[in-house]
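Here's the structure we're looking at; comments come further down.
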Amino acid sequence: MDPDGRIAAAMERIRPLAGAHVLDIGCGTGYYLPGFAAAADRVTGVEPHGELAAAARARTAGLENTAVRTGVAQRLPVPDASVDVAHARWAYFFGRGCEPGLRELSRVVRRGGAAFIIDNDATRSTFGSWFRRFLPRYDPDDVERFWAAQGFVREPLEIRWRFERRADFEAVAGIEFPPALAAEITASHPGLEVDYAVNLWWREY
């Protein structure tokens, strides 16, 4: 989610999408693909789960510059040096262990291109405090050292969840967290907004 467009604006400032081939890794149901298609020359979504990939194809039906392929980050179904902008949001690239996918990024992103990886920042924000309760052994310093060693730069961003109904907030909390923690969160957090800190990790190739 990027309700106020801060992530998209940061990406555009670093590497504009105009004329680009954008690769969305772990595109899920294709939520971001139409937005990329409106700005870029060509868009490829890659999703390992067949049902989600089918939903992404349905979402982008009629977008002639967009294709969705079933595949994994470790074996991206695109040619060498064919991508200008790679995007992965809360998908696969979570620090140590994702090295095979990083090697694939080095293969598919052409010189002058950029990769963007969006993940939670557990050190700040209301959502970050919930995330730490969910994964108390998560070490943000180790994560930052890992990405710095891979040549990525961190850009901290603040976004917000905004819900129209309390039931929607409770449903999302139930998706994000185990039932007991979700119940504690919804009981202790009033209102329809949640401040949410993320890290935009990026590098040029």
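Rounded to the nearest 0.05, the FRET efficiency derived from the C-beta distance between residue 126 and residue 63 at R0 = 35 Å is 0.50. Extent along the principal axes, Cα only, for the range 36-141: 44, 30, 25 Å, with the longest axis given first.
Compared with the rule-of-thumb size 2.2 N^0.38 Å for a compact globular protein, the chain has a Cα radius of gyration ratio of 1.04. For residue 167 and residue 14, FRET efficiency with R0 = 41 Å and r from the beta-carbon atoms, rounded to 0.05? Efficiency, rounded to the nearest 0.05: 0.65.
Using C-alpha pairs under 8 Å with a sequence gap of at least 6, the mean separation divided by the residue count of the range 56-116 gives a relative contact order of 39 percent. Taking the chain as a Gaussian network, Cα atoms linked when under 10 Å apart, which of 83, 72, 109 shows the biggest mean-square fluctuation? Among 83, 72, 109, the largest GNM mean-square fluctuation belongs to 72. GNM remark for the chain: springs join alpha carbons under 10 Å apart, and the peak mean-square fluctuation among 123, 66, 186 falls on 186.
Diffusion coefficient (Stokes-Einstein, Kirkwood radius over C-alpha pairs, 4 °C, 1.567 mPa s) for the range 1-43: 120 µm²/s, rounded to a whole number. Working value for the range 16-62: equivalent-ellipsoid semi-axes of 19, 10, 7 Å, each the square root of 5 times a Cα gyration tensor eigenvalue, largest first. For the range 5-89, the fraction of C-alpha pairs farther apart than 19 angstrom is 31 percent. Peptides 129-135, 194-200 ordered by packing proxy, namely the average of other Cβ atoms within 10 Å per residue, highest first: 194-200, 129-135.
If you wrap the range 88-205 in the convex hull of its Cα atoms and look at it from every side, the mean projected area works out to 8.0 nm².
Quick note: the coordinates plus some simple rules give every number you see, no bench work behind them. Computed from a predicted structure; not experimentally measured. Virtual Cβ from ideal backbone geometry, glycine too; neighbours counted across all protein chains shown.
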